[in-house]
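For reference, the structure is listed below as structure tokens.
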Amino acid sequence: MLLRSSLSLLVLSLLSTVLGETGPLVATSSGSYLGVHDAQNEVEVFKGIRFASRPTRFTPATPISNPPADVQSAAAFGADCPQLPSLLGAAGVPAGPPLRGANQSEDCLFVNVWRPEGTSAKDRLPVLVHIYGGGYFAGAGSEWDGTSLVRRSVATDKPMIWITFNYRIGVLGFLGSAHAPLEALNVGLQDQRDALRWIQDNAHAFGGDGSRITISGESAGGSSVHMHYLYPDSRRTFRAGISSSGTALVINTPACEWHDRPGGAYDILGNVTGCGTGAGSFACLRDLPFDTFWPLALSTYNPPGGGFPPWGVTCKGPKGSLIDEYPAKKVINGDFLNAPIITGTNRNEGNYLIGTTFIDITPQPPIDLENSLLSGFIAGQATNSETVSQDTLAKLLALYAHPTDNLSNSSLSNRASQFETDYAMLAPQRLFLKTASAAHRKQDVWAYSFEQHLPGAPDFFGAFHTSDLYYLDIGFPPVTSPSLQSQMQDFYISFVNDLNPGVFWPKYDEKSPVALRLQEGSVGPIADTLRREQTDFLGRVDVLEEFGRFG
């Protein structure tokens, strides 16, 4: 097989020379592709390589069975998956880098590869796969760029390959309904699984090692990493993971039929499209022409009362579907993959997630009204706000009466932001870490706390959600902070190569929990004790039940 592949590449190389084309060539299961040699940055890049055939709406992707015989160009990104027409953001800070795909299309399942220049099949370099975030309703592989990380990996004598891919998002990737067949549930996660299989099968074509793949991601991408640990592929497609600002419990995973309730996402979608919500509704939605379906589907992305689009959640389906048990149960029971993992959060995640909602209230409310507004906000995080008891709300109001980080002039905003940080990120992470680091599992686990304030961002954001990505230099404009940037990149590179981020970063131990603080001039281990009383309360089984973590 290797000889045949080498001969094929030789023929393709001669053909490309005759045609006047130059650049690195690869022969993959999707066909042969001509990439780009970026001589200035000493990397080779392949963009827009298909990992699956054009998918049918709501249906799992299928492998490419008859790839084109001609050499295809891998000089530009393929289409991004359909999503909101403009980037989300808060206080002028974008949620992600700009999309760079050719357009938006349902035909969007592509991978993009960055490797050191001169890499050959015999090098068998480790591979880092980045899964983009965006709340499961936005984002694309085209946002992110592996040039800086790959260059750093070569400079530190730990060369690696960096890969991104697209997966279906929003209503096209996370449709939920009792009317949807099992295979149509969480199809965006299924796309991720298919991409990882393709990457493992084709890593050798790019000079990579399919047995040394690490998956990583931030926000929804970080949640996806955890999901692949909780619901592992029967085929082992990766050996380690890095999850940034995301766990399997960031947003509740409701039962898929939750979307069918009056006013639920599927109910609204059926009404606006004319497909209804009966037995034939799914087939109707699947078969509508895209130009008819998509504008109507986009209208459901703005739920009454505001908030994130309703399609930005995974859902728990029946036995036989990808997610057939609630994530919280699997985390508590230790029913997840035992493989090395780094998982971390930013100190002020919630400040960006809720934005200026409460800061903009003028005048700021008196304490009684503040408590009433905060109670409503807290209960609103539950799948059903009516299931959160008054006793639980009273306890949480007391626990968050005195914020540890008063970054804005609004007491209400400071309290709400810290609750959001803990509920969505820190408490779920600690629940996972408690189980994963149990002595009997012997699982290698590391935790971090990113605490650097981003220059130029609003002061009240602090170390906000996504701010760590500026220091990895993978898409956002890099920050002038050479020490922290190089340290963070080196942690990634060392982990991808050696399954260890560094000897001075201790493994997590629930009996004596330590995380690595990531802050310019102050990188080092710290006790993982910030707001322990609050996160321990949020991690109690009865509280998890009230908020709908178990359905």
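Judged by the mean number of other Cβ atoms found within 10 Å, the most tightly packed of the peptides 497-507, 22-32 leads the ranking 22-32, 497-507. Assuming a ≥ b ≥ c are the square roots of the Cα gyration tensor eigenvalues, decide whether the stretch 423-551 counts as rounded (a/c under 1.5), prolate (otherwise, with a/b larger than b/c) or oblate. It comes out oblate by the Cα gyration axes.
List every residue whose amide H lies under 5 Å from the amide H of Arg517, counting only residues 5 or more places away in sequence or on a different chain, with H placed 1.01 Å from N in the peptide plane. Those lying under 5 Å, H to H, from Arg517 are Ser449, Gly524, Ile526. Take every pair of alpha-carbon atoms less than 8 Å apart whose residues are at least six positions apart; their mean separation over the length of the chain yields a relative contact order of 13 percent.
Packing order of peptides 238-251, 89-102, 321-334, highest average first: 238-251, 321-334, 89-102 (average count of other Cβ atoms within 10 Å over each peptide's residues). Enter the angle in degrees (range 0 to 90, nearest 10) between the Cα long axis of helix 482-498 and the first principal axis of the Cα atoms of the chain, meaning the one along which they spread out most. Once rounded, one gets 70 degrees.
Against the chain, whose longest principal axis is taken from its Cα atoms, helix 411-421 shows a tilt of about 50°. Dividing the mean sequence gap of close Cα pairs (under 8 Å, 6+ apart) by how many residues the stretch 423-511 holds gives a relative contact order of 28 percent. Normalising the Debye intensity of the chain to I(0), with uniform scatterers on Cα atoms only, and taking log10 at q = 0.08, 0.09, 0.11 Å⁻¹ returns -0.51, -0.65, -0.99.
For a test of the definition: using alpha carbon positions, the gyration tensor, and the 1.5 limit on a/c, classify the stretch 43-175 as rounded, prolate or oblate. It comes out oblate by the Cα gyration axes. Net length available on complete extension from Val272 to His402 is 42.3 nm, with 0.36 nm assigned per residue and the Cα-Cα distance removed. Counting only DSSP beta bridges whose two residues both lie in the chain, roughly 40 percent are antiparallel. Across the stretch 369-379, computed HN-Hα scalar couplings (Karplus, 6.51 cos²θ - 1.76 cosθ + 1.60, θ = phi - 60°) run 5, 4, 5, 5, 5, 5, 4, x, 5, 4, 4 Hz from first to last residue, x flagging Gly and Pro.
With r as the distance between the Cβ atoms of Lys442 and Thr387 and R0 = 30 Å, compute the FRET efficiency 1/(1 + (r/R0)^6) and round to 0.05. Calculated value: 0.20.
A cut-off under 15 angstrom between Cβ atoms defines the neighbours of Val127, and their net charge, with Lys, Arg +1 and Asp, Glu -1, is +2.
Of all lysines in the structure, the ones whose alpha carbon falls short of 20 Å from that of Lys442, not counting any fewer than 8 places away in one chain, are Lys330, Lys434, Lys507, Lys511. Using 0.36 nm per residue and subtracting the Cα-Cα separation, the extra length available between Asn333 and Arg236 on full extension is 32.8 nm. Taking the Cα centre of the stretch 465-532 as reference, the dipole from Cβ charges on Lys and Arg (+1) and Asp and Glu (-1) amounts to some 280 debye.
Each residue, Ala279 and Trp294, gets one label point 7 Å from its Cα in the Cβ direction; the gap between the two is 3.3 nm. Converting phi to 3J(HN,Hα) with the Karplus coefficients 6.51, -1.76 and 1.60 and the offset θ = phi - 60°, the stretch 188-200 yields x, 5, 5, 4, 4, 4, 5, 5, 5, 5, 4, 4, 5 Hz in sequence order, with x at every glycine or proline. Within the same chain, aspartates and glutamates fewer than 8 places from Lys158 are excluded, and of the rest, those with a Cα less than 18 Å from its Cα are Glu42, Glu44, Glu117, Asp123, Asp209, Asp473, Asp490, Asp498. About its Cα centre, the chain has a charge dipole of approximately 1240 debye under the convention of +1 per Lys or Arg Cβ and -1 per Asp or Glu Cβ, with nothing else charged.
Throughout, read-outs are computed from the coordinates displayed, never taken from laboratory work. Since this is a predicted model, take the numbers as computed values, not measurements. Neighbour counts are summed over all protein chains in view; Cβ atoms, including those assigned to glycine, are modelled from backbone coordinates with ideal geometry.
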